[in-house]
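Notes for the one structure printed next.
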Amino acid sequence: MTTDCAAQEGFEISPRFRQTVEERISRLERDAAYDEAQLDRLNDIDHVRRQMRLVAVERAEALRMRIFLDRARPRLPRPLIQL
């Protein structure tokens, strides 16, 4: 179980991992926009409801990942020469 204190401390992530998460956020947002645009083409109300749920989940996941990145600090590279 995560405490409030631990959640506020933040954590370190590598620049490469940050880039991967940012790319995933972009894909989720792009997919959500595409899926939402498809709603006009659907006839079945159940299919529309599932499609709307899919869009909501994609946007919620993108938001969750943005919050994750906001709490993360970039990890500094290790020194090349040991001190």
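Some observations on this one:
- Once backbone amide H atoms are built at 1.01 Å from N, residue 13 has 73, 75 as its partners under 5 Å, excluding neighbours fewer than 5 places away on the same chain.
- For the chain, the longest principal axis of the Cα atoms and the long axis of helix 45-71 meet at an angle of about 10 degrees.
- Using 0.36 nm per residue and subtracting the Cα-Cα separation, the extra length available between residue 35 and residue 11 on full extension is 5.3 nm.
- Above 14 Å, the calculated P(r) of the chain contains 72 percent of its Cα-Cα pairs.
- Average accessible surface area per residue within the chain, 1.4 Å rolling probe, Å²: 87
- Using a Förster distance of 41 Å, the FRET efficiency for residue 78-residue 26 (Cβ separation, nearest 0.05): 0.90
The values are calculated or read from the model by the stated rules, or taken from the named source; none is laboratory data. Quick caveat: nothing in here was measured; it's all calculated off a predicted structure. In this analysis, Cβ positions are derived from the backbone assuming ideal geometry, glycine residues included, and neighbour counts consider all displayed protein chains. The accessibility values were calculated without ligands, DNA or RNA, using every heavy atom of the protein model including side chains. Shrake-Rupley method; radii C 1.70, N 1.55, O 1.52, S 1.80 Å.
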